[in-house]
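Some notes on the structure that comes next.
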Amino acid sequence: MNRNASDILIVGGGAAGMSAAFAATSGGGTNITIVDDNPHLGGQIWRAELGKVRNADAAKLIEAIEAGRIGVVNSAQVFAAVSENKLLAETPNGTTEFEYKKLIIATGARERFLPFPGWTLSGVFGAGGLQALVKGGLNVKNKRIVVAGTGPLLLAVADYLNSKGANVVAIVEQASARNINRFALGLWNSPAKLIQAAALKKRLFRIPYLTNTWIANVTCGSPRVSKGVTSNAAIKSLSLNLNRNGKTQTIECDHLACGFHLVPNTELAALLGCKIEDGFVSVDGFQRTSLNNVYCAGEPTAIGGVEASLVEGKIAGYAAADNEERSRELFTKRDKTRRFGNALNTAFALRGELKTLADNATIVCRCEDVQYEKLAAFDDWRTAKLQTRCGMGPCQGRICGPATEFIFGWKPGPVRPPIFPVKLENL
Amino acid sequence: MITIKLNNSDISVEENTTVAASILSSGVDAFRRSVSGEVRGPLCGMGVCFECRVTIDGVRHQRSCTTLVADGMEIITDE
């Protein structure tokens, strides 16, 4: 087993993690390591595009990290905690043990997915999911794509796909126009965001933005000629039925990119025993969790976007480097980003109708293929899990957990190691 | 450009492409079969959902979305 020892260990190399690492170097002489599961730094929002991070702020931060005294371990998935102050991660070269004096959890968020008939078909991706695939080299030129679900991410994804030559047919947003307009008006308090939003609107003006609208179901449309290298490569187009103000509208497309805002990655914090409240990691003003030497920054503490992640990362980094005065200087800024986050989460709150999208045969747990009708009989996550294997596959409930929480109101169960599946020889 | 083998055919892809993107770009949509036999492919694109698992260099159940291609890599889908 490989070993790594740091004064400050940061799990997650996205906006919060990198920001924390950079701030932590202010302490001087501190040994800092970032461990990240991606092949490149940047996290989700700043995910590298064929190995290069394009965003200027991100590139600057990465450069500073690479130039500084910060160790970076890529492609390493933290899966367990052993004794106090030690984590295990699976890397391409086997398991590495990371020892730390202080830990900063910056594990980010994932998309929320909701089951609807057809959501398991090929060609249906997450919204951020499709963006990540395109950044990984997938060509979407001239593809007809519908971006659907909820949240500001849909606009960013549509803009990105558009810039890659895709034909974005529509953006389908479940939130009401009223809620979104109210949220947009709130942006007057943050001019930078308003300018961003205006520029985005200008670039997307040709694409219909359908509010109060959601995907009712998806079926395979007409088959297209396969150009694949295997016999199973018959990629079909998709036929989407939208529910638009109670009326049905049908759209044909090649891909559907559908995600319902974000859910925090709290598994590591929960595994360590950090207090979790209403699904988020509890932190004090210095981003310190209920464990004295463990901090948490970014989306696991509240879904707030990149600005919140950056400032929370800084606060945590300074605090972990015993530089609490500099943390304190950022409290006002952090509180402002939190207000933005709250407004965002209110504007894009999920409407109740989405609870009934799945029909009896719709698969809810994709790992174990558990259908809606098998789950509807149960009162809680634990019983459903034991009786149906829902949530017991390799994703460990990361996809169906947030879905069943929304649909049935089930609270997630306790987290057990390994928090990601690991090869037997690495355990 | 580098060359990888996808289901025993050589394909040429750009460096730093993910295995998932290479597979989709080749027109293959069946990454794996679900426990009830459905064809599945990537959903989350970020290593969380495990839908994009394929066999890479003989090792089964590898997440193709978080793995970058390497010269001579052999990928088998839908096993």
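Computed from the coordinates by the stated procedures, all read-outs in this text should not be read as laboratory data. Source: prediction; values computed, not measured. Reconstructed Cβ throughout: ideal geometry from the backbone, glycine too, with neighbour counts over all protein chains shown.
The table below lists the values:
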read-out: Prolate/oblate/rounded label for the protein assembly as shown (Cα gyration tensor, a/c 1.5); value: rounded
read-out: Per-selection Rg to Rh, chain B - Cα, Kirkwood hydrodynamic radius; value: 0.93
read-out: For the stretch B:1-60 versus the stretch A:382-427, the gap between their alpha-carbon centres in whole angstrom; value: 24 Å
read-out: Gain on full stretching of the segment that runs from A:Ala377 to A:Glu252 - 0.36 nm per residue minus C-alpha separation; value: 41.5 nm
read-out: Degrees, to the nearest 10: A:153-163 long Cα axis against longest axis of chain A; value: 80 degrees
read-out: Antiparallel bridges, percent of DSSP beta bridges restricted to the protein assembly as shown (to nearest 5); value: 55 percent
read-out: Unsatisfied cross-links (Cα-Cα over 24 Å) in the set A:Lys193/A:Lys336; A:Lys60/A:Lys423; A:Lys193/A:Lys314; value: A:Lys60/A:Lys423
read-out: Sparse-neighbour loop sites [trypsin sites (Lys or Arg not before Pro); the stretch A:89-144; at most 16 other C-beta within 10 Å; DSSP]; value: A:Lys141
read-out: Contour minus Cα-Cα distance for A:Lys336 and A:Lys275 (0.36 nm per residue); value: 19.6 nm
read-out: Gain in span if fully extended, B:Glu15 to B:Val35, counting 0.36 nm per residue against the direct Cα distance; value: 3.9 nm
read-out: Net charge dipole size for the stretch A:286-381 [Lys, Arg +1 and Asp, Glu -1 on Cβ; Debye, nearest 20]; value: 520 debye
read-out: For chain A, cysteines whose Cβ has no other cysteine Cβ within reach (under 4.7 Å); value: A:Cys220, A:Cys253, A:Cys258, A:Cys274, A:Cys296, A:Cys367, A:Cys395
read-out: Inter-label distance for A:Asn2 and A:Arg182, nm, one decimal - labels placed 7 Å from Cα along Cα-to-Cβ; value: 5.1 nm
read-out: The stretch A:1-76: C-alpha gyration tensor shape, a/c 1.5 cut-off, then a/b vs b/c; value: oblate
read-out: A:Glu66-A:Glu99 pseudo-label distance in nm [points 7 Å out on the Cα-to-Cβ vector]; value: 3.1 nm
read-out: Nearest-20 debye value, chain A charge dipole, Cβ charges on Lys, Arg, Asp, Glu; value: 1380 debye
read-out: Among B:Val28, B:Val59, B:Val69 the positive-end extreme of the charge dipole of chain B (Cβ point charges); value: B:Val59
read-out: Histogram of C-alpha separations across the stretch A:113-260, 5 Å bin width, %; value: 2, 9, 19, 22, 20, 13, 8, 4, 2, 1, 0, 0
read-out: Tensor-based shape of the stretch A:199-354 (alpha-carbon gyration tensor, a/c under 1.5 rounded, otherwise prolate or oblate); value: prolate
read-out: Stokes-Einstein D in µm²/s, Kirkwood radius over Cα pairs - the stretch A:339-427 at 4 °C with 1.567 mPa s viscosity; value: 90 µm²/s
read-out: Residue-averaged 222 nm ellipticity for the protein assembly as shown, from DSSP H runs of 4+ at -39500 (n - 2.57), nearest 500; value: -8000 deg cm²/dmol
read-out: Separation of the B:Met1 and A:Ala192 label points, Cα + 7 Å toward Cβ, nm; value: 4.2 nm
read-out: Near-label residues of the stretch A:90-123 by backbone N, under 16 Å of a point 7 Å along Cα→Cβ of A:Cys220; value: A:118-123
read-out: Rg to Rh, two decimals, where the stretch A:294-399 supplies the alpha carbon set and Rh follows Kirkwood; value: 1.18
read-out: A:Leu194, A:Leu344 arranged by Cβ crowding within 10 Å, fewest neighbours leading; value: A:Leu194, A:Leu344
read-out: Low-density loop cleavage sites - chymotrypsin sites (Phe, Trp or Tyr not before Pro) in the stretch A:175-214, where at most 15 other Cβ are within 10 Å (DSSP); value: A:Phe205
read-out: Shape parameters for the stretch A:48-119, alpha-carbon atoms, Rg then Dmax in Å; value: 16.7, 50
read-out: Value of D in µm² per second that Stokes-Einstein yields for the stretch A:104-160, Kirkwood Rh from Cα pairs, at 20 °C (1.002 mPa s); value: 168 µm²/s
